[in-house]
1. Looking at this structure, is Ala39 in contact with a Pro (Cβ under 9 Å, 6 or more places away or on another chain) and part of a strand (DSSP E or B)?
2. Give me the residue from the range 62-110 that is in a loop (DSSP other than H, G, I, E, B) and among the β-branched types (Val, Ile, Thr) and, out of that set, farthest from the ligand (Cβ to nearest atom).
3. I need a count of the residues in the range 23-36 that are surrounded by 10 or more Cβ atoms within 10 Å (Cβ to Cβ) and either part of a loop (DSSP other than H, G, I, E, B) or without any contact (Cβ under 8 Å) to a residue 40 or more places away in the chain (or both).
4. Among the residues in the range 49-58, are any surrounded by 19 or more Cβ atoms within 10 Å (Cβ to Cβ), more than 14 Å from the ligand (Cβ to nearest atom) and touching a residue at least 12 places away in the same chain (Cβ under 8 Å)?
5. Does the range 64-73 contain at least one residue that is of a type outside the set (Gly, Ala, Ser) and surrounded by 18 or more Cβ atoms within 10 Å (Cβ to Cβ)?
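Quick note: the coordinates plus some simple rules give every number you see, no bench work behind them. Keep in mind the model is a prediction, meaning the values are calculated, not measured. Glycine gets a Cβ as well: all are built from the backbone with ideal geometry, and neighbour counts include every protein chain shown.
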Amino acid sequence: MSAQHLLHRPLFQRPLLHRLDERARLPVRITVDGAQVTAFAGDTLLTAIVTASARLRQSEFADGPRAGFCLMAACQDCWVWTGSGERLRACSTEIAEGMSILTTNPPWLTPAS
Ligand code: FES
């Protein structure tokens, strides 16, 4: 993969949010769309992803990038997926060491059109 191609991936663009404080917690490493992301113990998936990426996820309804909406597990705007296809609400799921997350609906779960 070329460096130019990497610049167009959300994980390599300017993060949507940045941390102002609480950098002293234990680091936790997860993988997001194949890229390693280091966040902090107690972070939600949403926090870990939007402090490392230009978006939380890509909408499965083709209406563009999403960043969550309610942030309290009510709106379903923050779905992400594990490698095995389990769907998680990023705003209410705490990160764990070694998690592997996909931010687009896995193709094997998308109905054929
Ligand atoms: S942002 Fe609304 S359910 Fe997660």
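1. Yes: the conditions hold for Ala39.
2. Here is the first cut: in the range 62-110, the residues in a loop (DSSP other than H, G, I, E, B) are 62-64, 67-78, 83-86, 90-93, 95-99, 103-106, 110.
With the extra rule that they be among the β-branched types (Val, Ile, Thr), the set shrinks to 93, 95, 103-104, 110.
Working: Thr93: 9, Ile95: 15, Thr103: 13, Thr104: 17, Thr110: 21 Å.
Looking at the filtered set, the residue picked out is Thr110.
3. If we filter the range 23-36 for residues that are surrounded by 10 or more Cβ atoms within 10 Å (Cβ to Cβ), which is where we start, we get 25, 27-36.
Then keep just the ones that are either part of a loop (DSSP other than H, G, I, E, B) or without any contact (Cβ under 8 Å) to a residue 40 or more places away in the chain (or both); that gives 25, 27, 33-36.
So the answer is 6.
4. Taking every residue of the range 49-58 in turn, at least one turns out to be surrounded by 19 or more Cβ atoms within 10 Å (Cβ to Cβ), more than 14 Å from the ligand (Cβ to nearest atom) and touching a residue at least 12 places away in the same chain (Cβ under 8 Å).
5. Here is the first cut: in the range 64-73, the residues of a type outside the set (Gly, Ala, Ser) are 65-66, 69-72.
When the remaining residues are screened for being surrounded by 18 or more Cβ atoms within 10 Å (Cβ to Cβ), the result is 66.
Yes.
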